[in-house]
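The values are calculated or read from the model by the stated rules, or taken from the named source; none is laboratory data. What you are looking at is a predicted structure, and each value in this text was computed from that prediction instead of being measured. No Cβ is skipped: glycine too gets one built from the backbone with ideal geometry, and neighbour counts run over all protein chains shown. We work out accessible area using only protein heavy atoms, side chains counted, and drop any ligands, DNA or RNA first. Shrake-Rupley method; radii C 1.70, N 1.55, O 1.52, S 1.80 Å.
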Amino acid sequence: MTLLTDTTSVDLTKPVGTELHGVVLTELDEAGIDELKTLIADRGVLFFRDQRMTLAEQVEIGRRLGELHVHPAAKAPEGFPEVLVVHTDENSTYTAGNGWHTDVSCDERPPGLSMLRLEETPSAGGDTVWASMYAAYEALSPSMQEYLLTLTAIHSGDKAYVGRYSRRGADVDYPVNVHPVIRTHPIGGRKALYVNSGFTVRIKELTQRESDALLAFLFDHIAYGIRFQVRFNWEPNSVAIWDNRCVQHHASWDYFPETRSGFRVTTRGEAPFLTA
Ligand code: SIN
């Protein structure tokens, strides 16, 4: 099964997010996987319904999408080191992704694609919102765009993980890395804003106060940019695959004390780069 020939698709908003109908992810051939990667780089996030699969099958699809990433902080299920459990219930004091972020941007080679499949969803709510970082960049004035091209930012795992994950003790050194504030997507060459409130702590070339002010502005630009966001309402066996190089996302924890549960596999991307 190749993807585009056997599929109908609906763009959920103009800048970001497409829902595909008629795809069985476990049956995609190599051409279909290649088409998928190209389409995600363009649309930022793709949505699929009714995708029944085992955890092993999900991991296999992840492997076909790229080298798999192992989360630096979360505990993986037995036998599946590359799987992130996304589970929230009445006993949870924290839920993954409940704030604007790009997955694990503190890594030297941060995630490329993330594939989340939910098995259990609440009776209402539990949506996830994605924002296009191409559109966020393009919505800035030419002068601001030009200025941001000259900057790099520090991304720290401490900001996201300390006190939230228990796989490792308090004395762990989570990754800290510097990435360009604007990055070039390796497929298609578009420029995307690459700072996020989950991990980015400082613009390296600025004083602390200047950095705080600029980051606050950029985080607001992303959070309030409803014209470049898309919201997805999950059902059991829905899958979203997104490209962390060009979108950020925010899960909505508005269903307490109900349960929302699933699994994420994530590919390793390249070290972010900016080309002229
Ligand atoms: C995540 O950040 O990967 C979790 C997103 C979600 O639960 O919707």
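Structural remarks
- Taking only the C-alpha atoms of region 1-139, the Rg (one decimal) and the largest Cα-Cα distance, Dmax (whole number), read 15.8, 45 Å.
- For region 200-249, the list of trypsin sites (Lys or Arg not before Pro) that fall in a loop by DSSP and count at most 16 other C-beta atoms within 10 angstrom reads K204.
- Computed E for E205/K75 - FRET, C-beta separation, R0 45 angstrom, nearest 0.05: 0.75
- Table column - 3J(HN,Hα) (Hz), region 93-100, Karplus curve with 6.51, -1.76, 1.60, x for Gly and Pro: 10, 8, 10, 4, x, 7, x, 5
- Relative to the Cα centre, the charge distribution of region 8-268, modelled as +1 at Lys and Arg Cβ and -1 at Asp and Glu Cβ, gives a dipole magnitude of about 580 debye.
- Label separation (E67 vs I187): 1.8 nm, computed from points 7 Å beyond Cα along the C-beta direction.
- Among the GluC sites (Glu not before Pro) within region 58-120, those in coil by DSSP and having at most 14 neighbouring Cβ atoms inside 10 Å are E67, E78, E90, E108.
- Between region 178-250 and region 33-68, the alpha-carbon centres lie 21 Å apart.
- Percent carbon-and-sulfur accessible area, region 74-224, ignoring ligands, DNA and RNA, probe 1.4 Å: 50
- 3J(HN,Hα) along region 186-196: x, 9, x, x, 6, 9, 9, 5, 10, 10, 8 Hz, from the Karplus curve 6.51 cos²θ - 1.76 cosθ + 1.60 with θ = phi - 60°, whole Hz, x for Gly and Pro.
- In region 8-268, lysine pairs with alpha-carbon atoms under 27 angstrom apart (chain gap of 8 or more, or interchain): 7
- Mean silhouette area of the chain, derived from the convex hull of its C-alpha atoms and averaged over all directions, reads 14.3 nm².
- Karplus-based coupling profile of region 147-159, in residue order and whole Hz: 5, 4, 5, 8, 10, 10, 9, 8, 10, 10, x, 4, 4, with θ = phi - 60° in 6.51 cos²θ - 1.76 cosθ + 1.60 and x standing for Gly or Pro.
- Overall shape: prolate for region 1-56, with the ratio a/c of the largest to smallest alpha carbon gyration tensor axis at 1.5 or above and a/b above b/c.
- The alpha carbons of region 104-231 stretch over 45, 38, 29 Å along the principal axes, in descending order.
- Positive-end residue of P180, A223, V70, charge dipole of region 8-268 with Cβ unit charges: P180
- Loop sites in region 15-104: chymotrypsin sites (Phe, Trp or Tyr not before Pro), DSSP, at most 11 other Cβ within 10 Å: Y94
- Efficiency of FRET between A216 and D254 - r from beta-carbon atoms, R0 35 angstrom, step 0.05: 0.90
- Amide H contacts under 5 Å for D127, placed H, 5+ residues apart: S252
- Each listed q (0.16 Å⁻¹) maps to a log10 I(q)/I(0) for region 177-240, found by the Debye formula over equal Cα scatterers with no solvent: -0.71.
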